[in-house]
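Take a look at the structure below.
The values are calculated or read from the model by the stated rules, or taken from the named source; none is laboratory data. What you see is a predicted model, and the numbers here were worked out from it, not measured in a lab. Cβ: placed from backbone, ideal geometry, glycine included. Neighbour counts: every protein chain shown.
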Amino acid sequence: MARALGEDLRSRVVKAAGEGGSARQAAARFGVGISSAIRWIGRARMGETTPRPQGRRRGSRLDAHADFIIGTIEER
């Protein structure tokens, strides 16, 4: 997975698009992917300005009960 880009860059792209430019123009100006710029601008319009977490998802609540669940399945 690629390295996360900084929040400063994200805010500059969103600001440039908000000042009348398109998402494609802002992406070209700051050297980011068009789809990233479109996604950032869409999320900013919904009020989400921080990046989402990256990496593997956290474990399930059921992980602590795995032995019990597998034992029950094997009994059947």
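Here are some notes:
- Failed condition for Lys15, given (1) within 17 Å of the chain's Cα centre (by Cα); (2) of a type in the set (D, E, K, R); (3) surrounded by 11 or more Cβ atoms within 10 Å (Cβ to Cβ): (1)
- Selection from region 18-36 of residues that are closer than 23 Å to Gln54 by Cβ, touching a residue at least 12 places away in the same chain (Cβ under 8 Å) and over 13 Å from the mean Cα position of the chain (by Cα): Ala23, Ala26, Ala27, Phe30, Val32
- Among the residues of region 46-60, those identified as surrounded by fewer than 10 Cβ atoms within 10 Å (Cβ to Cβ), polar (S, T, N, Q) and touching a residue at least 24 places away in the same chain (Cβ under 8 Å) are Thr50, Gln54.
- Residue in region 37-51 that is part of a helix (DSSP H, G or I), more than 18 Å from the chain's Cα centre (by Cα) and modelled with pLDDT of 85 or more present: no
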